[in-house]
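**Student:** Next up is a structure, given as structure tokens.
Coordinate-derived values only; no laboratory data. As the structure is a computational prediction, the values presented were derived from the model and not from experiment. Cβ sites come from the backbone with ideal geometry, for glycine too, and all protein chains shown count toward neighbours.
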Amino acid sequence: MNLLNWADGAFREVRAFARRFASETRGNVAMIFGISLPVLILMTMGGVDINRASTVRVNLQDALDAAALTAARSPYTTNAEIQRVGMAALKANLKNYPDIMLREADTTFVLSSDDVVIADSKVDVKTIVANIFLPPYGKFMDDYIPVGAHSEVDRSSKNLEVALVLDITGSMSGSKITTLKEAARDLVDTVVQAQQTPFYSRMSIIPYSMGVNLGTYANTARGTLTGSTNITNAAWTTGSSKSITNITRASPGVITSNGHGFVTGDFVWISEVLNMTQINDRAYRVVRINDNTFSLQVAYSGSWYDLSTTSGNGFSSYWGGGIARKCLTADCSVVVTSNNHGVGNGEGVYITGVRGMTQLNDTPWIASRIDSNSYSIGVNGANWGTYSSGGASWCGRDGCTWRVFASANGNRLRALPSSTCVSERAGSNAYTDAYVTSGRVGTNYVADNNPCPASQILPLSSNKTTLKNLINNMAIGGSTAGQIGAAWGWYTVSPNFGAMWGQTPAEYNTARTLKAVILMTDGEFNTPYNAGVIASDAGSGSGNLGDHINQRATNGNPFDQTENLCAAMKARGIIVYTVGFQVSDEGRAAELMQDCATSADYAFLPSNSTELKDAFAAIGRNITQLRISR
């Protein structure tokens with residue numbers, strides 16, 4: 001039975017009672033009836049409206065609580081915005097109650113200094129018996145009964161740590177990077193609140209392309225790189241050159257050089273011989289005959305054999321000239337003197353700044369270690385001039401300032417400089433967030449056409465200006481190593497990396513802190529590494545093949561690496577959002593976005609600029625709601 005039916009029944013009971021009471025003929029009863037009638041009506045009909053007002057108060061309280069919660073979960077921070085959101089929600093909640101009138105002037109939603117949304121509201125309840133006049137009492141109830149409610153919601157229920165991992169590769173050119181910057185700035189406004197007590201909200205930003213630029217954090221992450229040692233000499237020969245006056249066409253051929261001073265086992269370099277030019281510009285081993293003559297041996301497959309200078313072996317007749325110079329090594333290559341050079345036998349070496357014998361400079365070499373203070377480079381310097389001074393010797397292995405390696409393009413020797421970017425972490429901690437003292441991350445050696453991005457990583461910060469300045473200054477370029485970006489997104493919110501950042505992120509899985517990583521890309525991950533250099537099995541678009549090492553990726557496919565990292569993050573209670581901007585539905589990137597995200601609701605595949613901004617806005621709202629509700 002509803003209130004109107006109940007009221008109609010009550011009227012009938014009152015009328016019946018009034019007829020019986022009025023039929024009574026005794027005077028005192030009639031007089032009492034006349035006096036009591038207004039009171040009986042007030043008690044009966046007024047009770048109906050009072051009961052209705054009480055019911056409306058309960059409904060208003062529910063509606064106001066819901067509206068206050070909506071305002072608290074919104075990303076807004078000004079009272080005007082909080083009022084707008086709260087009022088809209090309250091009106092929507094009150095549509096089911098047409099008999100009430102909202103007093104908008106008496107309805108307020110404000111955000112207190114303690115980050116609490118305080119809501120107050122009043123409504124008017126239309127009365128049933130408002131227009132009844134009972135002489136001599138007149139109208140005894142107004143048209144409406146005012147009803148009020150009060151609600152408070154603490155919107156800052158958790159600390160917030162969010163890592164924003166952004167793709168700034170070359171494919172993000174034009175309007176794509178412009179839209180990304182706009183969406184990222186809006187996300188900063190949504191996530192990072194002005195009020196940082198009693199709960200904080202911080203964001204880190206990890207721009208990535210072919211790697212992640214750690215700036216001043218690089219040495220801590222990868223270890224300090226080995227620098228150069230000073231070169232004090234470079235030479236390939238010793239003593240004075242000896243003039244040749246004859247070479248016989250025999251087996252072995254006999255060379256005449258009066259007072260040559262050579263002994264058996266010495267190594268010499270022959271040059272400037274006329275007509276019998278086949279003997280020139282080669283290293284030989286000496287077999288002494290006497291003070292004025294000697295024969296030569298040549299190396300073949302690790303052994304030495306007598307040199308036959310007959311016509312049958314292709315030698316022309318001797319016409320004159322020629323000199324013989326004693327070598328420092330069996331191959332007559334240049335020997336570099338650099339105390340404590342640290343270069344191992346067969347390792348790469350890079351030389352800069354030599355004066356005189358400048359052909360040594362800015363070229364990769366393979367060193368043959370002689371001792372701790374000298375090595376040879378395997379190339380003769382007969383036509384290079386004479387060393388005068390200066391120079392720096394750089395080791396070429398992984399962990400050195402320069403990296404010398406055999407390239408994937410024809411096994412050619414290549415040298416690349418280090419950078420403040422880093423590559424993947426190898427070994428048992430490849431997919432953990434154990435601090436770098438348990439396993440360094442990879443060095444990153446860069447080519448000119450695929451450089452380390454200028455934009456550096458920014459650890460957790462609540463400074464909106466700093467965050468937005470980094471976003472505004474992001475410049476595109478380079479290939480896509482999303483697995484490295486994902487790893488550093490994790491590391492910025494990991495409590496294990498506090499020593500690196502100088503501020504320790506909160507512990508995992510606490511009731512007071514929500515952690516999230518947002519991984520954004522616009523294409524396929526194509527840049528895996530081996531010992532700091534892009535691997536030979538890197539994908540299309542990862543730079544020139546001549547800049548890749550002739551070794552396969554240490555950790556394998558970058559998509560597989562990223563999935564392993566995402567699984568490890570989620571196991572730690574980190575919420576993972578993914579945004580695949582204009583990625584192909586048929587590509588591996590779209591699949592990765594689905595697999596990496598915490599759930600399907602956390603994966604976004606926007607196909608245009610509007611959808612990209614909508615995706616970031618949705619993520620911001622979701623993070624804000626989770627912060628309050630979880």
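**Student:** What does DSSP give for the chain in terms of the percent of beta bridges that are antiparallel, rounded to the nearest 5?
**Tutor:** Here the antiparallel bridges make up roughly 75 percent for the chain.
**Student:** Using 11 Å as the cut-off for backbone N distance, which residues of the stretch 373-402 belong to the label zone defined by a point 7 Å from the Cα of Arg355 along Cα→Cβ?
**Tutor:** Within reach of a label on Arg355: 388-391.
**Student:** Report ³J(HN,Hα) in whole Hz for each residue of the stretch 553-560, in order, from the Karplus equation J = 6.51 cos²θ - 1.76 cosθ + 1.60 where θ = phi - 60°; Gly and Pro get x.
**Tutor:** In residue order, the calculated couplings are 4, 4, 9, x, 4, x, 5, 4 Hz.
**Student:** I've got another one for you. Express in nm, to one decimal, how much length is gained between Arg185 and Ser607 on full extension, taking 0.36 nm for each residue of separation and deducting their alpha carbon distance.
**Tutor:** Using 0.36 nm per residue and subtracting the Cα-Cα distance, I get 149.9 nm.
**Student:** What is the Cα centroid distance between the stretch 181-214 and the stretch 91-127, reported in whole angstrom?
**Tutor:** Using only Cα atoms to place each centre, the spacing works out to 35 Å.
**Student:** So what's the convex hull volume per residue for the Cα atoms of the stretch 260-375, in Å³?
**Tutor:** It is 145 Å³ per residue.
**Student:** Give Lys515/Lys613; Lys158/Lys515; Lys91/Lys122; Lys95/Lys122; Lys181/Lys515 a once-over and call out the pairs whose C-alpha atoms are over 19 Å from each other.
**Tutor:** Lys515/Lys613; Lys181/Lys515
**Student:** Where does the chain land at 222 nm, in deg cm²/dmol rounded to the nearest 500, when only DSSP H runs of n ≥ 4 count, each adding -39500 (n - 2.57), divided by all residues?
**Tutor:** Helix-only estimate at 222 nm: -9000 deg cm²/dmol.
**Student:** What whole number of Å gives the distance from the Cα centroid of the stretch 349-398 to the Cα centroid of the stretch 561-601?
**Tutor:** Their Cα centres are 48 Å away from one another.
**Student:** Just to check I understand the Karplus step: with θ = phi - 60° and J = 6.51 cos²θ - 1.76 cosθ + 1.60, what whole-Hz values come out for the stretch 615-626, glycine and proline as x?
**Tutor:** 5, 5, 5, 5, 5, x, 5, 5, 4, 5, 5, 5
**Student:** How far apart, in nm, are two points set 7 Å out from the Cα along the Cα-to-Cβ line at Asn472 and at Thr363?
**Tutor:** In this crude spin-label approximation the distance works out to 4.9 nm.
**Student:** Between (1) 25.8; (2) 40.9; (3) 34.9, which entry matches mean projected area of the Cα convex hull in nm² as derived from the coordinates of this structure?
**Tutor:** Calculated mean projected area of the Cα convex hull in nm²: the matching label is (2).
**Student:** Step by step: find N for the stretch 555-602, compute 2.2 N^0.38 Å, then divide the Cα radius of gyration by it. What's the final number?
**Tutor:** 1.12
**Student:** For a paramagnetic label modelled at 7 Å from the Cα of Thr232 toward its Cβ, which residues of the stretch 390-409 fall within the zone defined by backbone nitrogen distances under 15 Å?
**Tutor:** 390-393
**Student:** To continue, here is another question. Under 10 °C and 1.306 mPa s, how fast does the stretch 447-537 diffuse according to Stokes-Einstein, given a Kirkwood radius computed over C-alpha pairs? Answer in µm²/s, whole number.
**Tutor:** 103
**Student:** Still on this model: Contact order normalised by length for the stretch 242-326, with contacts defined as Cα pairs under 8 Å and 6 or more residues apart; what percent is it?
**Tutor:** In percent, rounded to a whole number, it is 41.
**Student:** OK, next. If contacts are Cα pairs under 8 angstrom and at least 6 residues apart, what is the relative contact order of the chain in percent?
**Tutor:** 14
**Student:** Which lysines, if any, have their Cα less than 24 Å from the Cα of Lys326, not counting same-chain residues under 8 positions apart?
**Tutor:** Lys242
**Student:** Per-residue HN-Hα couplings for the stretch 148-153, Karplus 6.51 cos²θ - 1.76 cosθ + 1.60 at θ = phi - 60°, whole Hz, x for Gly and Pro?
**Tutor:** Result, rounded to whole Hz: x, 8, 9, 8, 9, 10.
**Student:** Give the span of the stretch 242-326's Cα atoms along each principal axis, as three whole-Å numbers ordered largest to smallest.
**Tutor:** If we take the Cα atoms of the stretch 242-326, the spans are 31, 27, 19 Å.
**Student:** Suppose every Lys and Arg Cβ carries +1 and every Asp and Glu Cβ carries -1, with no other charges. What dipole size does the chain come out with about its Cα centre, to the nearest 20 debye?
**Tutor:** Magnitude of the dipole: close to 540 debye.
**Student:** Out of every Cα pair in the stretch 49-97, what percent are spaced more than 16 Å from each other?
**Tutor:** I get 42 percent for the Cα pairs in the stretch 49-97 exceeding 16 Å.
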